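Below is one structure, written out as structure tokens, with a few remarks after it.
The values are calculated or read from the model by the stated rules, or taken from the named source; none is laboratory data. If you're wondering where the values come from, they're calculated on a predicted model, not measured in any experiment. Reconstructed Cβ throughout: ideal geometry from the backbone, glycine too, with neighbour counts over all protein chains shown. The area values use the complete protein model at the heavy-atom level, side chains included, leaving out ligands, DNA and RNA. Shrake-Rupley method; radii C 1.70, N 1.55, O 1.52, S 1.80 Å.
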Amino acid sequence: MIKEVLILFSLSKIDTLFILINTYKIIETIEHDLGWDVKQKVKKKRVVTLSSSLGKTFMNAYNYFENGGFGHYSNSNDGSRLFARHGANRNLYEDEEGNPLPPISFEEIDNNIRTLIYEWINYKLMIEKGYRYPSVKIESRIRPLTDEDFFENI
């Protein structure tokens, strides 16, 4: 399953269109491995049971996808346009009052899926070998563009 997840992750870097679909597949694979691909009531109990073993970093990344509107965004053509998991449908990217929601950042998706994969592999390493690698601190090395960047060649 680790190989499958890493292949899905690397394929998501080839084309933007694959990011949402493969991220969803990665989450589903990890949930299956953890025994979380069950009815919601059973899943909640299993999540609570394993959350301390998986660690806060894993759970924060997982909750980003589970509770952060990722599924709603990635499934709605209104939310993610061409990158939606499904074609045209009536599933609008709105809150309960019918107000449009802001788009989800692809950088946030990338940071959280990287963290989720890394911490899941670390969990598996701890179970199998009795040790883990230190948690990763993701730093952006991209500085924001300024107006001067666009006008220095003029």
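When Asn22, Asn89 are checked against the criterion of being in a loop (DSSP other than H, G, I, E, B), open to solvent by less than 80 Å² (accessible area, probe 1.4 Å) and not hydrophobic (A, V, I, L, M, F, W, C), Asn89 stands alone in meeting it. Within segment 92-124, the set of residues being open to solvent by 30 Å² or more (accessible area, probe 1.4 Å) and among the polar types (S, T, N, Q) comprises Asn99, Ser105, Asn111, Asn112. Taking the criterion of being under 19 Å from Glu31 (Cα atoms) and of a type in the set (Phe, Trp, Tyr), the residues of segment 53-107 that qualify are Phe58, Tyr62, Tyr64, Phe65, Phe70. Selection within segment 53-82: residues that are over 30 Å from Arg132 (Cα atoms) and more than 15 Å from the chain's Cα centre (by Cα). The member of this set that is surrounded by the fewest Cβ atoms within 10 Å (Cβ to Cβ) is Leu82.
Scanning segment 32-52 for residues that are within 21 Å of Glu128 (Cα to Cα), assigned to a loop (DSSP other than H, G, I, E, B) and acidic (Asp, Glu) turns up nothing. Among the conditions (1) farther than 14 Å from Ser74 by Cα; (2) without any contact (Cβ under 8 Å) to a residue 40 or more places away in the chain; (3) not acidic (Asp, Glu), Leu6 misses just one, which is (2).
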